[in-house]
Amino acid sequence: MILNWLLFLGTAVSYAACFRSEEGWSVKNGLAALRFYTLLSNLFCAAAALAFALAARSGAVPHGIWLAKYVGTAAVTVTMITVLVFLGPALGYKSQLSGFGLWLHLIGPLLAIVSFCFFERLYPLPLPLALSGLLPVVLYGLVYLYKVVLCPEEKRWEDFYGYNKDGKWQIAFAAMMIGGALVCLLLRLLYRL
């Protein structure tokens, strides 16, 4: 329960910081930050952690809440590994692991992994269910593909993750799908230890 409360509170504080701007508080900044997978994955995992902590406090954690916590854990693990393997080398680890990035890219994901894999072994995690952790990567990948590559020019997002560098989005898309599946397999392995 302690790890789940920490996960929820740390993420809530990190997201609250997104509403700050040089002029003060800005709702626009906070809402604009919701286009990043990093933030979406952390918010989903934090919400699942809160639901898990509240359910555990009342006595029993339903399968659906447990599964949501797993999917959230898989999502933030993808965030962490993407930062460590791709974004850190491309953009610099200092920029990725400073300020609230340290929480969203490293500490929060590690808390989620430890809490789920070592303290929340309530239900079996068969392979087909484990692959449900890939769902956030698939959904966000399709949205990112549309908003960065396929969307009309005036409504596009900038390629803030660099996945369409030199027009090679197909390679990045395939790498994220394969990487997401490997994360699910790794979490299942840790869960079953």
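The values are calculated or read from the model by the stated rules, or taken from the named source; none is laboratory data. Remember, it's a predicted structure, so these values are computed and weren't measured experimentally. Don't worry about glycine lacking a Cβ; one is built from the backbone with ideal geometry, like all the others, and counts go over all protein chains shown. Side chains are part of the model used for accessible areas, which takes the heavy atoms of the whole protein and leaves out ligands, DNA and RNA. Shrake-Rupley method; radii C 1.70, N 1.55, O 1.52, S 1.80 Å.
Quick notes on this one:
- Test for residue 43: is it surrounded by fewer than 18 Cβ atoms within 10 Å (Cβ to Cβ), within 17 Å of the chain's Cα centre (by Cα), of a type outside the set (Asp, Glu) and within 27 Å of residue 183 (Cα to Cα): no
- Screening residue 38 on (1) of a type outside the set (A, V, I, L, M, F, W, C); (2) surrounded by fewer than 18 Cβ atoms within 10 Å (Cβ to Cβ); (3) touching a Ser or Thr at 6+ places or on another chain (Cβ under 9 Å) shows it passes everything except condition (2).
- One residue alone among 143, 183, 138 is of a type in the set (Val, Ile, Thr) and free of Cβ contacts under 8 Å to residues at least 40 places away in the same chain, and that residue is 143.
- Residue ID - surrounded by the fewest Cβ atoms within 10 Å (Cβ to Cβ), chosen from residues in region 148-179 that are aromatic (Phe, Trp, Tyr) and not in a helix (DSSP H, G or I): 160
- Of all positions in region 17-26, at least one carries a residue that is outside any strand (DSSP E or B) and surrounded by 17 or more Cβ atoms within 10 Å (Cβ to Cβ).
- Region 54-70: number of residues that are of a type in the set (A, V, I, L, M, F, W, C) and closer than 23 Å to residue 80 by Cα: 4
- Residue 86 vs. criteria modelled with pLDDT under 95, farther than 17 Å from residue 186 by Cα and open to solvent by 60 Å² or more (accessible area, probe 1.4 Å): yes
- Scanning region 45-59 finds one or more residues that are without any contact (Cβ under 8 Å) to a residue 40 or more places away in the chain and over 19 Å from residue 111 (Cα atoms).
- Candidates 65, 2, 107, 81, filtered to the one that is open to solvent by less than 70 Å² (accessible area, probe 1.4 Å), without any contact (Cβ under 8 Å) to a residue 60 or more places away in the chain and of a type in the set (Val, Ile, Thr): 65
- For region 139-171, the set of residues classified as within 18 Å of residue 75 (Cβ to Cβ) and either among the charged types (D, E, K, R) or modelled with pLDDT of 90 or more (or both) consists of 139, 140, 141, 142, 143, 144, 145, listed by residue number.
- For the criterion of being open to solvent by 70 Å² or more (accessible area, probe 1.4 Å), closer than 24 Å to residue 46 by Cβ and either in contact with a His (Cβ under 8 Å, 6 or more places away or on another chain) or touching a residue at least 12 places away in the same chain (Cβ under 8 Å) (or both), residue 100 passes.
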